[in-house]
Amino acid sequence: MQNKKLKWKSDFEKSVIIENFVNRGWIKSQEKEEESTDWNVYWATVWNVRNIFNPKNGFRLNDQQIINHFPNHYELTRKDFMVKNLKRFKREQDKEVLETFNFDFLPTTYIFPGEYSLFVEEFHRNPNQTWIVKPAARSQGKGIFLLRKIQQLKKISGTTVTSNMTQLNLASKENYVVSRYIDNPLLIGGKKFDLRMYVLVTNYKPLKVWIYNKGFGRFCNEQYTTDVAEIENMFVHLTNVAIQQYSDKYSQKHGGKYSIDALKLYVESAYGTDALQRMMDDIHNIMLTSLKSVQAVIQNDKHCFEMYGYDILLDSNLKPWLIEINASPSLTTTTPVDKNLKMNLINDVYNIVLPNDDFPDNEQKCNYLFIQCIEQQPTKVGGFTLLYDESLDPNNRKTQKRQSVKIWK
Amino acid sequence: MQQFDNQEILMKLKSSKQFWDIKKKLKQGLGDQQKIGVNDIQKLAQSCEIEDQLIKLISHILKKSKKRETLKEDQIEFLNTSKIKWTELLFKNLDIVHQKTKNQEEDDTNTDSKLYIYDEKNLLAFLQTFKQQQQSNALYQNVQFQSNKLLNINIPLKSSQSILDKYQYLLLQEELQDDKINKIRKQIENEHLDIELEKIAQTFVPNGERCLLYLKYFEFDHQETVLQQNFAKLQKECLNQLFYDELLEIDGHEISEDTFYFVFQEQILTCLKCFIRDRTIKENIRIQLQNGVKKEHAEFQLPVTGFFPFKNISKYVAPLCYLSTKIHIIYALFKEFFCRYFCFLHAISSENNSILSLCMQIEEIVSTRSPKLFHHLKVIGCDTLKLIIHQLVYCFIGDMDPPHILTIYDQIIGHDSLEILVILCVGFLNKYKPKLLLAKNQENVQQIFSELREDRFQELVQFAYKQ
């Protein structure tokens, strides 16, 4: 059943995408690139996905087409929308009798310009606190800086900002998120790092989530310090590879990437098995809670799946914090190990979303899900492990207006 | 360590699980007897072999309590003179390296990377010279030398079969269930006697308890403050720069490129700088590496450790960085591992654990059990030992992922021996045998090993026993 001659299209000239498609015996869609609709499998940019699902364009996907983003993925992957949805979900959950979600993974965050005055109050309450300012919709560390003085906000307002101002006018139209800076990150070898982990969502309603067993820590090249003199040194504070690659200590050999397996071994050996288990449970909680927070708002189109890149920071107590969720995690490969990881990742994604290159229709999909409820379904495909399947959750109660689900363990 | 008195022996006994098992057996054997005399206990102990067990336990404690002495003289005189020659050679290399570093300081474009005193290839090449010397020695005229082996020197050698038999149990090891793992965890927490810890290390060590096992085995578990203070003293001494520091920094470049160890680069360097200043190493090391020949008017003498740092010394520290967040613990473990075990990999000696013995064991096994491979490698100019010397000397660090390296370390402790490396080297050659047999020259062989590969501990053990 495999090796059907499906037609593929990709907006990314990335070997891990193209080689995977070619290895499956799929053929490239021959129509003119920008306008081609004659495809079965499309690895698209978020902008092209938006165009495809724009009702004004009058384009409807057929049953033999699958695409790698949900129409309004930005509810989760824009920093400001992610914060907004998490806060909303928390308020909803606080009203529930059964408190089942732990939200203590999002650092205190304010969205500018709307929440500027709230931020100023908090800022004055904690004058020794460092904050991190990020554009809501940019990537690769662009536009990010650390804030110790209100006056620094001139960078984004374009005009002088004083501590008694209650309103902030931004120079550009984009929103910013300002979060409490986690200034006690877990250090290994004296350096700060964050985690990049991959999560595949094949369906939002019911929610079905797979977690990938390979990921990596992205290390800074400079020793971490809270010294105020180094606050603008991005090689100390920002873990983005796009930034660290310009450090003269950057290595092409490992690219500053440290495997999740190595990190787990380190945490277990140095802190104990229980500490590792708690850390992983907390990370899984972050993933599930964040996905549940947008479950009600995401347009659950049957043609869609999404592979997210979760950025998580561990603090010195091994507590994980959610930094952001990426809709288009980088598929650039910086080392042979990196290439191996991403090749297998994409391969496993398609083994899940198109098992045997089959497109089940909607009715079949429902039947398939029903049958899976009864029969033993795979919980492991390649490097992916099923983290959560709401259709198997016995405590699932669906109402017309809201859902309240316990995380099935 | 001083000789224990009776009270100390009793304390040590009481910290052993075996002691409590013996006591339980005695209690069960004596049952509900009202009056129990010493004779009753002795009779019972003799009848069910408890007395033997107790004697073994006590003698083990006494043996461990004796001060560890550094082996300086080998039973084979030829090797003692060879050690002197090796030391002289290293002094010469040191002069060359020093000159090179001076040239580099003067000329930035000169980036000669061979800034080390010796590496594993130099060591093997030196060991190779023994064969020619022995052949010309009148004492060995009647001994038949097999010319196809790289090293076939007349030293007492354990039988290869005994090594294969010793580790055969590893083939039967299965993945343990959670309840068994929990039992082992409790054992490690409760056990103090090294003979019991060795048994655990031979079987399975959970990642979360490995550091504790190692600390207990080396009797560091209640010594943290002392370790911290000693390390702090050494760190202070590092403020005075030594020429060897420069060599250690250069050595650290390779580990800084390793995907598993680059994060520990600074810690590794700090540990090594302290190591070469540590005066206690000379009295703690199990075997003398260089014979301490003092070169008069020389700009540099041997470090206070009594031996020169060598290429890739950083590798020995690296895996231990996984075990603790505290650098003084990492240092203490590295120092102990080196002084007890890794020193033998650089020792000109006939001891069982020495590089010479291990190499000869490997040649013996491969030439006997895989003669086709052995011969083929010779024919294409790529000797068996030259192929695996790097893996052997550096315990596969850099070739296997850290969990497998730590399993090797467990086995080293478990048997108080480096012989596991013989098994793994044989397994390594057997694993790649099909490709090696197709290789036509050294370039082909290098190609095989330059490809991305993953070698695992259990896998290599399995291959070692495949015919």
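The values are calculated or read from the model by the stated rules, or taken from the named source; none is laboratory data. Here the structure is a predicted model, which is why all the values come from computation and not from measurement. FYI the Cβ positions are ideal-geometry reconstructions off the backbone, even for glycines, and counts take in every protein chain you see. Each accessible area value is taken on the protein alone, full model and side chains, heavy atoms only, with ligands, DNA and RNA left out. Shrake-Rupley method; radii C 1.70, N 1.55, O 1.52, S 1.80 Å.
Summary of values
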quantity	calculated
Flag if A:LEU291 is more than 12 Å from every other protein chain (Cβ to nearest Cβ) and open to solvent by less than 10 Å² (accessible area, probe 1.4 Å)	yes
Output for segment A:117-131, where each listed residue is open to solvent by less than 30 Å² (accessible area, probe 1.4 Å) and in contact with a strand residue (DSSP E or B) (Cβ under 7 Å, 6 or more places away or on another chain)	A:PHE119, A:THR130, A:TRP131
Test: residue in segment B:286-302 that is more than 16 Å from the chain's Cα centre (by Cα), assigned to a helix (DSSP H, G or I) and either at pLDDT below 95 or of a type in the set (Gly, Ala, Ser) (or both)	no
Number of the condition not met by A:ASP80 [criteria: (1) open to solvent by 20 Å² or more (accessible area, probe 1.4 Å); (2) assigned to a helix (DSSP H, G or I); (3) of a type in the set (Asp, Glu)]	(1)
Residue count, segment A:210-224 (criterion: under 25 Å from A:LYS342 (Cβ atoms), within 12 Å of chain B (Cβ to nearest Cβ) and either open to solvent by 20 Å² or more (accessible area, probe 1.4 Å) or free of Cβ contacts under 8 Å to residues at least 40 places away in the same chain (or both))	4
Residues of segment A:245-267 that turn out to be open to solvent by 30 Å² or more (accessible area, probe 1.4 Å) and at the interface with chain B (Cβ under 10 Å from one of its Cβ atoms), as a count	6
A:THR109 being among the hydroxyl-bearing types (Ser, Thr, Tyr) and under 25 Å from A:PRO329 (Cβ atoms)	yes
Candidates B:GLU249, B:GLU254 - the one that is free of Cβ contacts under 8 Å to residues at least 24 places away in the same chain, within 14 Å of another protein chain (Cβ to nearest Cβ) and open to solvent by 20 Å² or more (accessible area, probe 1.4 Å)	B:GLU249
Qualifying positions in segment B:185-207 - open to solvent by less than 20 Å² (accessible area, probe 1.4 Å) and within 13 Å of another protein chain (Cβ to nearest Cβ)	B:ILE188, B:VAL205, B:PRO206
Within segment B:257-282, tally of residues that are within 14 Å of chain A (Cβ to nearest Cβ), open to solvent by 10 Å² or more (accessible area, probe 1.4 Å) and outside any helix (DSSP H, G or I)	4
Candidates B:ILE448, B:ILE412, filtered to the one that is assigned to a helix (DSSP H, G or I) and either surrounded by 19 or more Cβ atoms within 10 Å (Cβ to Cβ) or touching a Pro at 6+ places or on another chain (Cβ under 6 Å) (or both)	B:ILE412
Test: residue in segment B:43-60 that is of a type outside the set (Gly, Ala, Ser) and under 25 Å from the mean Cα position of the chain (by Cα)	yes
Total residues in segment A:136-148, condition closer than 22 Å to A:GLN245 by Cβ and within 16 Å of the chain's Cα centre (by Cα)	4
B:LEU170 being within 14 Å of chain A (Cβ to nearest Cβ) and under 20 Å from the mean Cα position of the chain (by Cα)	no
Extreme residue, nearest to A:PHE105 (Cα to Cα), among residues of segment A:268-282 that are open to solvent by less than 20 Å² (accessible area, probe 1.4 Å) and facing chain B (nearest Cβ under 7 Å)	A:GLY272
Single match in B:ASP383, B:ASP401, B:ASP410, B:ASP455 (criterion: assigned by TED's automatic domain parsing to the domain that holds B:PHE337, under 16 Å from the mean Cα position of the chain (by Cα) and of a type in the set (D, E, K, R))	B:ASP410
Unique match (being modelled with pLDDT under 85 and in a helix (DSSP H, G or I)) among B:GLN146, B:GLN161, B:GLN133	B:GLN133
A:LEU187 being within 21 Å of A:ASN233 (Cβ to Cβ) and open to solvent by 10 Å² or more (accessible area, probe 1.4 Å)	yes
Residue within segment A:354-376 that is within 30 Å of A:LYS257 (Cβ to Cβ), surrounded by 17 or more Cβ atoms within 10 Å (Cβ to Cβ) and modelled with pLDDT under 95 present	yes
Single residue of segment A:225-244 satisfying the filter (in contact (Cβ under 8 Å) with a residue 12 or more places away in the chain and of a type outside the set (A, V, I, L, M)) that is most open to solvent (accessible area, probe 1.4 Å)	A:GLU232
In segment B:306-347, residue most open to solvent (accessible area, probe 1.4 Å) [restricted to those that are assigned to a loop (DSSP other than H, G, I, E, B) and within 14 Å of another protein chain (Cβ to nearest Cβ)]	B:LYS326
Conditions (1) open to solvent by less than 50 Å² (accessible area, probe 1.4 Å); (2) modelled with pLDDT of 95 or more; (3) not charged (D, E, K, R): number failed by B:GLN462	(1)
Tabulated pairs, segment B:383-406, first within 14 Å of chain A (Cβ to nearest Cβ) and open to solvent by 10 Å² or more (accessible area, probe 1.4 Å), second among the hydroxyl-bearing types (Ser, Thr, Tyr) and outside any helix (DSSP H, G or I), C-beta under 9 angstrom, 6+ apart or interchain	B:GLY398/B:TYR261; B:ASP401/A:SER259
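To keep it simple, each residue is scored yes or no on (1) more than 14 Å from chain B (Cβ to nearest Cβ); (2) in a loop (DSSP other than H, G, I, E, B).
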residue	(1), (2)
A:ASP301	yes, yes
A:MET307	yes, no
A:TYR310	yes, no
A:LEU314	no, no
A:ASN317	no, yes
A:SER328	yes, yes
A:ASP338	no, no
